[in-house]
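All remarks here apply to the structure that follows.
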Amino acid sequence: KLFTVFREHQHLVELLHVPTISDLNEIVRNKGERHLINLSEALHEKKYAEVAEAFAQSGARMILLAGPSSSGKTTSCRRISVQLGVLGYDVKQISLDDYFLPRARTPKLPNGEFDFENIEALDIPLLNEHLNALFNGEEVELPTFDFIKGDPFFDGRKMRLDPESVLVVEGIHALNPRLTEQIDERLKFRVYVSALTQIGIDRQNIIHSGDNRLIRRIVRDNNYRGWDAFETLHRWSEVQRGEYTHIYPYQENADYMFNSALLYELGVLRVFAEPLLKHVPEDTVEFAEAQRLLNFLELIEPIDPKFIPPTSIMREFLGGSSFEY
């Protein structure tokens, strides 16, 4: 399935004449970035519609949507829900983040820090209890997790599934069979989302998808968490450890694999990431990684984000989205 995504991407970049960074830069210098943004966003919309159609044909009642950090899971959840609405479904959404265990029961790493990437950090029995109740037509009161206090709480937020309702469950562990092991397999449709491809540096050297997501995360963390680039770089190795352990082994379980990378995005991300990376202190281990990313971003012509629509995945990282997160 992953190979199929890469093959589709290769066909696309050849069709649009942007297989490499130099081709992208030429488009930007010729003021063609607006057209490229429109084409890239249209492709995403087409793919989201395909996910909804595939789900409708499957006869399932629940989409399990997973992907690694900064893959655009939340926006994908919202946009797939819109496409399901077009098909006449009443869409309900659940975030696995609300099923985190209290801090006192959260597993820890060898260094003593909380291991939030571990599936054992989730209240799996409660999630399965709620899902089974929902599919039996019962009403459940959903938890909300307070990330400041580190505890879940119940504030009267309730959910019931009607006959025309479908459920979208989003989170990094959604494709792990253990998460929903008590749920009938016929009810499940699995979607994997990640920035799986990018245009190449040249014909021989690719851009690693992890770098793409790391740059996205640096920008998002600064916008929404107030973190500087040093803080994001410092945490990145633990994020990747969790991905290799808890996400990548299950990606081929997906019924549909969605490539969330956009052909123009690195030019836009450079505008925001470059000044953040330049402030990483020289006397830190993270400085070398910051310089590597800066050297890479310098190859790409900057792109003004003003033409990016409010429904774009990029708005999850840049701000200005028309969706609520």
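Side notes on the structure shown:
- Net charge over other residues, Cβ less than 14 angstrom from the Cβ of residue 150 (K, R count +1; D, E count -1): -3
- Extents of the chain, taken as max minus min of Cα coordinates on every principal axis and listed largest first, are 58, 46, 32 Å.
- Compactness index (Cα Rg / 2.2 N^0.38 Å), segment 84-195: 1.14
- Global dimensions of segment 193-261 from alpha-carbon coordinates: Rg and Dmax equal 13.7, 37 Å.
- Calculated FRET efficiency, residue 237 to residue 299, Cβ-Cβ distance, R0 = 30 Å: about 0.75 to the nearest 0.05.
- Springs between Cα atoms under 10 Å define the GNM used for the chain, and in it the highest mean-square fluctuation of 93, 182, 57 occurs at 57.
- Across segment 32-136 the C-alpha pair distances fall into 10 Å bins from zero in the proportions 12, 32, 30, 17, 8, 0 percent.
- Residue 34/residue 86 FRET efficiency (R0 22 Å; Cβ-Cβ; nearest 0.05): 0.25
- Efficiency of FRET between residue 184 and residue 153 - r from beta-carbon atoms, R0 25 angstrom, step 0.05: 0.25
- DSSP loop GluC sites (Glu not before Pro) with at most 16 other Cβ within 10 Å excluded, longest remaining stretch of the chain: 1-112
- Euclidean distance of C-alpha centroids, segment 95-110 and segment 221-276, integer Å: 21
- Prolate/oblate/rounded call for segment 244-323, Cα gyration tensor, a/c under 1.5 rounded: oblate
- Charged-residue dipole, Cβ positions (Lys, Arg, Asp, Glu), segment 1-50 about Cα centre, Debye nearest 20: 40
- Accessible surface of segment 50-186 [probe 1.4 Å, protein heavy atoms]: carbon and sulfur percent: 48
- By the rule of a C-alpha distance below 23 Å, with chain neighbours fewer than 8 residues away ignored, the lysines paired with residue 47 are 1, 73, 92, 188.
- Residues listed by number, segment 188-204, amide nitrogen under 18 Å from residue 56 label point at 7 Å toward C-beta: 189-190
- Summed side-chain charge close to residue 17 - residues other than residue 17 whose Cβ falls under 13 Å, Lys, Arg +1, Asp, Glu -1: -3
- For the chain, calculated [θ]222 nm from helices alone, where every DSSP H run of n ≥ 4 adds -39500 (n - 2.57): -13500 deg cm²/dmol
- Its Cα centre serving as origin, the chain has a Cβ charge dipole (Lys and Arg +1, Asp and Glu -1) of approximately 440 debye.
- Cβ-placed point charges (K, R +1; D, E -1), dipole of segment 166-325 about Cα centre in debye, nearest 20: 300
The values are calculated or read from the model by the stated rules, or taken from the named source; none is laboratory data. Only a predicted model underlies this, so the values are computations on that prediction, with no experimental measurement involved. Quick reminder, even Gly has a Cβ in these numbers, built from the backbone with ideal geometry, and neighbours come from all protein chains shown. Surface accessibility is based on the protein's heavy atoms, side chains included, excluding ligands, DNA and RNA. Shrake-Rupley method; radii C 1.70, N 1.55, O 1.52, S 1.80 Å.
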